[in-house]
Amino acid sequence: MAHIGRFAPSPTGPLHIGSLLAAVASYLDAKANGGRWLLRLEDLDPPRELKGAADTILKQLEELGLHWDGEVLRQSSRLDAYNEALQKLWDDGLCFHCDCTRPKVRAMGSVYNGHCRTRKDQNKRSSAIRLRTRNDEIAFDDRVFGSIRQKLEQEVGDFIIKRKDGLFAYQLAVVIDDSFQKISHVMRGFDLLDSTPRQIYLQQLLNLPTPHYAHIPLVVDDQGQKFSKQQFAKAIDSTRGSELIHTALMLLNQPLPPEIQKLPPQEILAEATACWDIQTIPKLANIPFREADTSSLKSASACDLTAT
C-alpha cells in the first residue's frame, strides 16, 4: 500500500506551536516512507472560523517549507458525501434523534446511556443524530502508544454524528474524507486518541479501510493548558521557519545535531526526513513548552520533555 499521510487543520485561526508539531510530524512520517502528504481544511464549523485563517495557514506552511501534494481538500465541499454516509447508517437502523443536552450527558457520568434510543416524542428539528454503539471491543495498535482497546457502549456511549445545529460532526466527516483521500497513515495529537475507536467503528459500519494511526504528545503551557486556538495560543512567526522547525524536531525528540537550525527550512526538513524515527517520539500525553520569545517561539532551549 502506498503511504499517504495528511495534515487537517481547522481554519479557526493561524497555526500555533501545537499545530506546527502535528504538521511537521505528519509531513516527516509521510516523506520518510516515500509517500505523499495531503492537506485538508476542516472547515465544517463556520461560526468558529476566522476570516482569512485558511489563507494564512496555507501561507505559513509554504514559508515553513511544508509543501503539500495535490489539491487542498475543503470539507465544506464534501457535504453530499457526508449526507450519503448518514443516509446509509440511517437506513441500516443505526441512528436515532437525540435532544439530550451536554449537562444531561454529564449527569449520566459523561457516558451516553441510550436515553433517546427508543423515544418518539423529541423535536427532530432541534435534535442531534446519534449513532448506536455496541459493547464489542474496538482494538488497534497505535504506532507510538501501542495497543489501545475500548468498549464504545460502556466507555463512550452512542455518539453524535450530526449536531443539533445541522452541522456534521467531526467523527463522521473525518472517516469519510480519510477514505476519499486514500489516507493510509494518520498522525495527529494525543487528544484524538480516544476518538479513534469511534472512527474505526464507523469505518467498519461503512465498509471503509482503517488507516494506521499514530498519536503524538500535545504541547502544553506551564499551567498544563493545551496550546490551542480556543486558549488563544499565539500564532507562530513562520518567517522564522528554521528556528520553528528545529524546535518542533526537539519536541519530537528526533536525532539531529544542534547546528542544523542554521539551515533553511527545506534543508532542515530534508535532513530530518532522512533521520526520522517514530520510535523516539516521547510516549507522553503532554509536553510542556515555555515560550522564551512569544512573538516567534524561537528558543529551542525552551523545550522540556518532562511527562505531565
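One table, with the values for the structure above:
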| read-out | value |
| --- | --- |
| Chain lengthening between Gln266 and Leu205 when straightened (0.36 nm per residue, less Cα-Cα) | 17.8 nm |
| J(HN,Hα) series, the range 46-59, from Karplus relation 6.51 cos²θ - 1.76 cosθ + 1.60, nearest Hz, glycine and proline x | x, x, 9, 7, 9, 4, x, 5, 4, 5, 5, 4, 4, 5 |
| Hull volume in cubic angstrom per residue (convex hull over the Cα atoms of the range 48-107) | 179 |
| Residue-by-residue Karplus 3J(HN,Hα) for the range 188-202, coefficients 6.51, -1.76, 1.60, Hz, glycine and proline x | 7, x, 4, 5, 9, 4, 5, 7, 4, x, 4, 5, 5, 4, 4 |
| Net +/- balance of residues flanking Leu131 in space, Cβ distance below 10 Å, scoring K and R +1, D and E -1 | +3 |
| Reciprocal of mean inverse Cα separation for the range 166-221 (Kirkwood radius, Å) | 11.9 |
| Centroid-to-centroid separation of the range 38-61 and the range 132-170 [C-alpha atoms, Å] | 26 |
| Cut-off under 5 Å, modelled amide H: who pairs with Leu50 long-range | Thr12, Gly13 |
| Cα-based Lys pair tally, the range 106-223, threshold under 28 Å, eight or more apart or on separate chains | 9 |
| Cα→Cβ-extended label distance, 7 Å offset, between Arg48 and Glu137, nm | 3.2 |
| Surface share of carbon and sulfur [accessible, 1.4 angstrom probe, percent] for the chain | 48 |
| Accessible area in square angstrom per residue, the chain, 1.4 angstrom probe | 46 |
| GNM top mover of Thr133, Thr196, Thr118 - the chain, alpha-carbon springs below 10 Å | Thr118 |
| Lys, Arg +1 and Asp, Glu -1 on Cβ, resulting dipole of the chain about Cα centre, debye, nearest 20 | 1180 |
| Distant-in-sequence amide H partners of Ile216 (H built 1.01 Å from N, under 5 Å) | Arg188, Gly189, Phe190 |
| Hz values of 3J(HN,Hα) by residue in the range 172-183 - Karplus curve (6.51, -1.76, 1.60), Gly and Pro given as x | 6, 4, 5, 5, 5, 6, 4, 5, 4, 8, 6, 5 |
| Pairwise centroid distance, computed over Cα atoms, of the range 181-210 with the range 264-278, Å | 27 |
| Cα-based convex hull, the range 36-161, per residue volume (Å³, whole number) | 184 |
| Summed residue charge, Cβ within 12 Å of Ala32's Cβ, Lys/Arg positive, Asp/Glu negative | -2 |
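The values are calculated or read from the model by the stated rules, or taken from the named source; none is laboratory data. What you are looking at is a predicted structure, and each value in this text was computed from that prediction instead of being measured. Counting neighbours? That spans all protein chains shown, and the Cβs are built from the backbone with ideal geometry, glycine included. Remember, those area values only see protein heavy atoms, side chains included, never the ligands or the DNA or RNA. Shrake-Rupley method; radii C 1.70, N 1.55, O 1.52, S 1.80 Å.
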